[in-house]
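Participant: Got a structure here, written out as structure tokens. Questions coming.
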Amino acid sequence: MKDKGLIILFSILALIILSALFAPFIAPYSPYEVDITNKFAPVTSSHILGTDHLGRDVFSRIIYGTRMSLISILATIFLVLLFSLIVGSIAGFRGGLFDSILMRICDVFLTFPTFILALFFIGVLGVGLVNVIIAIALTHWAWYARIVRSIVLETKQKNYVTAAKCLGSSRLKIILKHIMPKVLSQVIILATLDLGHMMLHVAGLSFLGLGVQAPTAEWGVMINDAAPYIREHPELMLYPGICIFITVAVFNSIGEKLRDIYEAAQYSRESEI
Amino acid sequence: MNKKLISINKLSAGTKNHQILHDISFDINECEIVCLLGQSGSGKTMTALSILNMLPVNVMQTSGTILYDDKPFNENMRGSFISMIMQSPASCFDSVFTIGAQFKDILISNNKEYSIERVCSMIEKVELKNPHDILNSYPFQLSGGMLQRVMIAIALSLDSKVIIADEPTSDLDIAGQKEIIDLILKLKNENKSILMITHNLAVAKSCADKIAVMEQGRIVDFFNKTELFAEKRHRYTKELISANNWLYENKWDIDLGENNAEM
Amino acid sequence: MLKCENISKIYNDKSWFSKKESIKVLENISFHLKQGRSMGFAGRNGAGKSTLMRIILGLEKAEEGSVIFMGKNIHSLKYNELKNIYKDMQVVFQNPQSSMNPQFTVYDVIKEPIENYYNYKKDEIKDIVLNLLSAVKLSEDKLYKNIMHLSGGEQQRVAIARALSVRPKLLILDEALSSLDMIIQAEIIKLLEELKEKYNLSYLVISHDIRIILKLCDDIIFLENGIIKDRFFIEQGINNPSDSFKNMMIV
């Protein structure tokens, strides 16, 4: 790890994760403690970022909001990967009719704009964080499944997979030992690049009032709460917005750096040959 | 005495922490085939690349000079003075364009006259039949041996004085190798100098005038072909010869072609 | 031991827009390899040697004919049953770099088949791997090296060790030596001759280099354009070869 940029990025990420983990110790107030008499308090030493329309401490809400955001995107990405790895590798490895059917299903999912499809799923499943996660996972898995399938197809043609067949390895073992490591290393990088995008999705749906429900501290909800007061107190929207921006930027840059490193490694391996 | 076309003097090159070539010195004279013989990883290709001034980014020439017809290197020499035939012809052509289009492209970018007749005569010169069909076909439709011939035809039509052939035979089967060697010998009669890179002693023996044996980035032995079996040869050359001879022995008691013809 | 009867292989060009073309790659190939003998397939590139090897290994199906190895018809076997065949028949591929997973160490590569066929403990496997390494004359300190950090000759030795780890009776060498340098070629041929005595192996050598086949084999089959042109046995020597075979002999 000689890359300075990567060290900085990872330390910011560590900061975000730590603040999510230790939210009760960092936040000076409870995020739900209403104090109507002290609403729209300016920045003071007792309230670092002031208070919102119900007099809740904005800084505490942002710290707690980190938890919600991280949990929701990690759960989404986990679901997406689980789904796409299973479908993609089965389709790629088995091939034939099976492959065709699975890929046509993927095509159906890919034809809809993701946001509209997510709205549709929420309409069917109902409002709530869990449903938002499921909806986003359902709208994204098809894209990943296609990528997984193409990597599996490419790796399957490799000579060493043929060799493994001739060494008596079972199909499962070939998938797990020879194909999966390669698929995972590429898909995880892609997922990191996509994390920011998914986070925006969650925040966007929360902003529309479809995801996390009102009193819960979440960045999207906070922006939604602050929207009516945009003229008098625009800073209330700005703080969670900046948080979303930083987190998304960090995830994207980490993804990009990882991809560069992976490609460099790949290149040097090829040039060795 | 023939003119020195390329003269390499104490050439060394390497990456930051690893020296690849040590004090390489040899000359290529007019109408002469020089063979660089050595194992993979001995620095043969690096030497060729430094002659073309096309070393990979992380490799630098650390000392020594290369003179081209007593002049230092300039960009225009590639193509007009030296050209190269690559190791695996299949990966050297762009599979999107036809052979003819790529041929034309190379000729025009080197300011050579281009006409179908000239190209066809070049292709006929490398003993390929139906030159028009070849020009209209895509690289993946031709076999390795045919592509190798097309490469040679391109090098020929550039009229360069020196041709560097990097392992031109290694992707081919034995019969194909022999045909390419015959072709290279024919090139010599057309007043070309050739630097041939190979790991195969039999190939070197059948076409070279002079052989430079490389081991671990050094030239350990340099001699005329006639002196190949001389007593003073380097230990490594002798190893090569004995391995080569051993390969020709067999339990079937069969004399294999050229080996005895040359003895 | 290995008996092939009337193998024919046709490739159909399944393009939607152009005319359907079918190319006959192999036609009526029959041969019988007896226990304790080694056989060589000679021929130019594109003569169908590699396709034949893939058919023998059961990686491809032939349109006609049968491959019978130690009494079993390979093409009637399912994936799991082929595993038992591979215990007696192993293969070393052309390109050592591509036939081994580039992320594996030498140890990982050699232990893969051992794990598939035997239930050994970890240190037992390590002993076996070390034994195999010394059999192919590689030093022990290479054990945990990445495959990609070895030279071509060393990689091919690892591939041979991997194939020998299940104690096969027949070892198929698919152009296994042609990408190597001459001195290393000679070393590996010597090694293969030794291993033949030690493990009582039969070889099936596929090569365009007649020298390698003459060194290792007792029977020679010369393929041209998918048909058997010549057959020679060491007892009779080479008599009446076809012109194209004579061409192969001028190396």
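What follows draws every value from the coordinates through simple rules; no lab data is involved. All values derive from a computational prediction rather than experimental measurement. Note that we place each Cβ from the backbone using ideal geometry, even for glycine, and neighbour counts take in every protein chain shown.
Participant: For a quick check: sort A:Cys243, C:Cys217 by the number of other beta carbons within 10 angstrom, fewest at the front. List each step's numbers first, then the result.
Facilitator: Numbers: A:Cys243 19, C:Cys217 26.
The most exposed by this proxy come first: A:Cys243, C:Cys217.
Participant: Given the alpha-carbon gyration tensor of chain A, what are the semi-axes of its equivalent ellipsoid in whole angstrom, ordered largest first, with each equal to the square root of 5 times an eigenvalue?
Facilitator: Taking √(5λ) for each Cα gyration eigenvalue gives 43, 23, 13 Å.
Participant: What percentages make up the Cα-Cα pair-distance distribution of region A:123-273 when the bins are 10 Å wide from 0?
Facilitator: Result returned by the calculation: 10, 26, 26, 18, 12, 6, 1, 0.
Participant: Shielding of B:235-246 by partners, i.e. mean partner chain Cβ atoms within 10 Å per residue?
Facilitator: 3
Participant: Right, another one. Under a point spin-label approximation (7 Å from Cα along Cα-to-Cβ), what is the A:Ala214-B:Ile108 distance to one decimal in nm?
Facilitator: In this crude spin-label approximation the distance works out to 7.2 nm.
Participant: Relative to the longest principal axis of the C-alpha atoms of chain C, give the angle of the C-alpha long axis of helix C:106-117, reported between 0 and 90° and rounded to the nearest 10°.
Facilitator: 70
Participant: With 40 Å as the cut-off, how large is the P(r) tail for the protein assembly as shown, expressed as percent of Cα-Cα pairs? Don't skip to the end; give the middle numbers.
Facilitator: Numbers: 158377 of 309291 pairs.
For the protein assembly as shown, the fraction of Cα-Cα distances above 40 Å is 51 percent.
Participant: Report the one residue of B:Ala48, B:Ser83, B:Tyr236 whose Cα lies farthest in the direction of the positive end of the charge dipole of region B:4-251 (charges on C-beta: Lys and Arg +1, Asp and Glu -1; origin at the Cα centre).
Facilitator: Farthest towards the positive end: B:Tyr236.
Participant: In what order do B:Thr198, A:Thr37 fall by count of nearby beta-carbon atoms within 10 Å, going from fewest to most?
Facilitator: Numbers: B:Thr198 25, A:Thr37 7.
Exposure proxy ranking, most exposed first: A:Thr37, B:Thr198.
Participant: So what's chain B giving for Cα Rg divided by 2.2 N^0.38 Å, two decimals?
Facilitator: The value comes to 1.03.
Participant: Something else about it: Over the Cα atoms of region A:1-106, what radius of gyration and what Dmax do you get, in Å?
Facilitator: 22.2, 68
Participant: To continue, here is another question. Which value at 222 nm does chain A reach when only helices count, each DSSP H run of 4 or more adding -39,500 (n - 2.57), with the total divided by all residues and rounded to the nearest 500 deg cm²/dmol?
Facilitator: Dividing the helical sum by the residues of chain A leaves -25000 deg cm²/dmol.
Participant: If you don't mind, another one. For chain A, modelled as a Gaussian network with Cα springs under 10 Å, which listed residue fluctuates most, A:Asp260, A:Asp194, A:Asp225?
Facilitator: The residue with the greatest mean-square fluctuation here is A:Asp260.
Participant: For chain B, what is the calculated [θ] at 222 nm in deg cm²/dmol (nearest 500), taking -39500 (n - 2.57) for each run of four or more DSSP H residues and dividing by its residue count?
Facilitator: Per the formula, -10500 deg cm²/dmol.
Participant: Next question, about the same structure. Cα atoms only: what Rg and Dmax, in Å, come out for region B:121-247?
Facilitator: When restricted to Cα atoms, region B:121-247 yields Rg and Dmax of 16.4, 53 Å.
Participant: A follow-up question, please. Per Stokes-Einstein, at 37 °C and 0.692 mPa s, what whole-number D in µm² s⁻¹ belongs to region C:2-249, with the Kirkwood radius over Cα pairs as the hydrodynamic radius? Could you put the intermediate results ahead of the total?
Facilitator: On the way: Rh = 19.1 Å.
The estimated diffusion coefficient comes to 172 µm²/s.
Participant: Could you check which residue among C:Asp181, C:Asp108, C:Asp230 shows the biggest mean-square fluctuation in a GNM of chain C with a 10 Å Cα cutoff?
Facilitator: The residue with the greatest mean-square fluctuation here is C:Asp181.
Participant: Quantify how strongly other chains surround peptide A:148-160 by giving the mean number of their Cβ atoms within 10 Å of each of its Cβ atoms.
Facilitator: 2
Participant: Once Rh for region C:5-139 is found with the Kirkwood sum over Cα pairs, what is the Stokes-Einstein diffusion coefficient at 4 °C and 1.567 mPa s, in µm²/s?
Facilitator: Here the translational diffusion coefficient equals 72 µm²/s.
Participant: Still on this structure: So, counting K/R as plus one and D/E as minus one, what does the shell of residues with Cβ under 12 Å around A:Cys106 add up to? Display every interim value, and only then the final one.
Facilitator: Working: positive: A:Arg104, A:Arg146, A:Arg149; negative: A:Asp99, A:Asp107.
Residues near A:Cys106 contribute +1 overall.
Participant: Per residue of C:173-183, count partner chain C-beta atoms within 10 Å of its C-beta, then hand back the mean as an integer.
Facilitator: Mean shielding by partner chains, rounded to a whole number: 4.
Participant: Another one. Over 18 Å apart: what share of the alpha carbon pairs of region B:1-48 falls there, rounded to a whole percent?
Facilitator: Of all Cα-Cα distances in region B:1-48, 37 percent exceed 18 Å.
Participant: Determine the equivalent ellipsoid of region A:95-185 by diagonalising the alpha-carbon gyration tensor, then write out the semi-axes as square roots of 5 times the eigenvalues, largest first, rounded to whole Å.
Facilitator: They are 34, 14, 10 Å, listed from largest to smallest.
Participant: Okay, next question. Using only the alpha carbon atoms of region C:178-236, find the Kirkwood hydrodynamic radius as the inverse mean reciprocal pair distance, in angstroms to one decimal.
Facilitator: Roughly 12.8 Å, rounded to one decimal.
Participant: Further, regarding this structure: What angle do you read, to the nearest 10 degrees and between 0 and 90, between the alpha-carbon axis of helix A:114-125 and the longest principal axis of chain A?
Facilitator: 70
Participant: Looking at region B:25-117 from every direction and averaging, what is the projected area of its Cα convex hull in nm²?
Facilitator: Averaged projected area of region B:25-117's Cα convex hull equals 8.5 nm².
Participant: Please give the calculated 222 nm ellipticity per residue for chain C, where each DSSP H segment of at least 4 residues contributes -39500 (n - 2.57) and the sum is spread over every residue; nearest 500 deg cm²/dmol?
Facilitator: -11000 deg cm²/dmol
Participant: For region A:25-162, max minus min Cα coordinate along each principal axis, in Å, sorted largest first?
Facilitator: Projected onto its principal axes, the Cα set of region A:25-162 covers 70, 36, 17 Å.
Participant: Here's something else I'd like to know. Among B:Ile197, A:Ile7, what is the fewest-to-most ranking by other Cβ atoms within 10 Å?
Facilitator: A:Ile7, B:Ile197
Participant: Per 5 Å bin, what is the whole-percent P(r) computed from every C-alpha pair distance within region C:110-237?
Facilitator: 2, 9, 19, 20, 19, 13, 9, 5, 3, 1, 0
Participant: Sorted by average packing, counted as other Cβ atoms within 10 angstrom per residue and highest first, what order do A:60-73, A:89-102 take? Don't skip to the answer; put the middle values down first.
Facilitator: Working: A:60-73: 22.6, A:89-102: 15.9.
My ranking of the peptides, most packed first, is A:60-73, A:89-102.
Participant: Tell me the GluC sites (Glu not before Pro) within region A:215-249 that lie in a loop according to DSSP and have at most 16 other beta-carbon atoms within 10 Å.
Facilitator: Details: sites: A:Glu218, A:Glu232, A:Glu235; in loops: A:Glu218, A:Glu232.
Loop-located and lightly packed - A:Glu232.
Participant: Ranked from highest to lowest mean number of other Cβ atoms within 10 Å per residue, what is the order of the peptides B:209-222, C:63-76, B:176-189? Intermediate values should be presented prior to the final figure.
Facilitator: Working: B:209-222: 19.7, C:63-76: 15.6, B:176-189: 17.6.
Top of the packing list down: B:209-222, B:176-189, C:63-76.
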